[in-house]
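Okay, structure first, notes after.
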Ligand code: XIL
């Protein structure tokens, strides 16, 4: 009789690979595992803050103690036309966090993106003059921050003001107002809610030392002007290999040396190759490798990546005040854009991935 060698081998090793009956995923909530005083957050979309996405709402409520608005508090959502503020869904977002005793984060007041063109427009079709643009900035910040005074824990006052080489980005805000537009924004925010924490937020602060140096210059400038700034956010839009844990470690140390607390504000891990432009609405060939799911080796690599990152965060547990994921589950992520990305801790079926288990384990072993 012919022996089925593969089945034989499987039977031999089977007892060795049996998983424990209760995996951490079934039993634990991230918010109970993080160091005392830490916020563990997630960005939520309007389906979630409006309560329509019940499964996601359950996950958010169980696992997190902080929320960020994925889009709702951006300039174009709040004031699409001059003076026409919309606050309905925004109020529900704030109530969502308040009802659950969560820290409610505000994102973001001054940014070059998702800001309507009228904000920067002058009468002649060119750029508005400094006084006009400053007044628009002041009105926006005063109205928005003022409305949620005492309810929003902290604001990303200025988002992404830097180029990768550390120079100031030539955004319309800067061209219209001048380099001090950042200081002006922080001053307006402070006036509107003296009790709110104020943050500077940007990406690539770990991968690009020059950019990090630029962020530190911004922070020092604000400090020298006597303006309030509480923390600096590295967005944390990372890949499997970049930044290295060493770079993350160094970035946290350097940013913390300003005296500010450090936050990881938009964490996700992009698993897809850089894609060229779509052809006839379809992603270019080969650019969507995980359309039908994540192969086990990549799944494990993602889990290890998250575990390694959280070990670095724990090393700096007294310097970090918040870690926020940019989305609840893979299907919610902004990184899909017509392809299938798998950047988060829960999959498209809202099941915890090995990455979830690894993060939970690292936090439990702390
Ligand atoms: C993204 C949202 O996730 C998307 O839904 C939206 O279409 C574009 O903006 N840096 C930021 C976030 O500060 O506001 C961005 O959010 C992701 C990059």
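Only the coordinates and a few stated rules stand behind these numbers; no lab work does. Because the structure is predicted, anything quoted here is derived from the model rather than measured. Virtual Cβ from ideal backbone geometry, glycine too; neighbours counted across all protein chains shown.
Based on what the data block shows, is residue 57 assigned to a helix (DSSP H, G or I) and either within 16 Å of the ligand (Cβ to nearest atom) or in contact with a strand residue (DSSP E or B) (Cβ under 6 Å, 6 or more places away or on another chain) (or both)? Don't jump to the end; show me each part of the working.
Working: assigned to a helix (DSSP H, G or I): yes; either within 16 Å of the ligand (Cβ to nearest atom) or in contact with a strand residue (DSSP E or B) (Cβ under 6 Å, 6 or more places away or on another chain) (or both): no.
Taking the combined requirement at face value, the residue does not satisfy it.
For segment 115-134, the set of residues classified as within 29 Å of the chain's Cα centre (by Cα) and within 22 Å of residue 187 (Cα to Cα) consists of 115, 119, 120, 133, 134, listed by residue number. Considering the conditions (1) away from the ligand (no atom under 16 Å from the Cβ); (2) under 26 Å from residue 92 (Cβ atoms), residue 170 is excluded by exactly one of them, (2). Residue 356 meets the conditions (1) touching a residue at least 40 places away in the same chain (Cβ under 8 Å); (2) within 16 Å of the ligand (Cβ to nearest atom) in every case but one. The failed one is (2). Of all residues in segment 258-303, those satisfying the criterion of being more than 30 Å from residue 199 (Cα to Cα), in contact (Cβ under 8 Å) with a residue 24 or more places away in the chain and part of a helix (DSSP H, G or I) are 298, 299, 300, 301.
Taken as a whole, the structure places residue 239 among residues that are surrounded by fewer than 19 Cβ atoms within 10 Å (Cβ to Cβ), touching a strand residue (DSSP E or B) at 6+ places or on another chain (Cβ under 6 Å) and within 16 Å of residue 265 (Cα to Cα). Flag set for residue 72, criterion: surrounded by 20 or more Cβ atoms within 10 Å (Cβ to Cβ), within 14 Å of the ligand (Cβ to nearest atom) and part of a loop (DSSP other than H, G, I, E, B). Looking across segment 154-171, the residues that are assigned to a loop (DSSP other than H, G, I, E, B) and farther than 16 Å from residue 70 by Cα come down to 161, 163, 164, 165, 166, 167, 169, 170, 171. Of the residues making up segment 111-145, those that are assigned to a loop (DSSP other than H, G, I, E, B) and free of Cβ contacts under 8 Å to residues at least 12 places away in the same chain number 5.
Given the structure, is residue 41 on the phi > 0 side of the Ramachandran plot and either surrounded by 14 or more Cβ atoms within 10 Å (Cβ to Cβ) or more than 14 Å from the ligand (Cβ to nearest atom) (or both)? Judged against the criteria, residue 41 is not a match.
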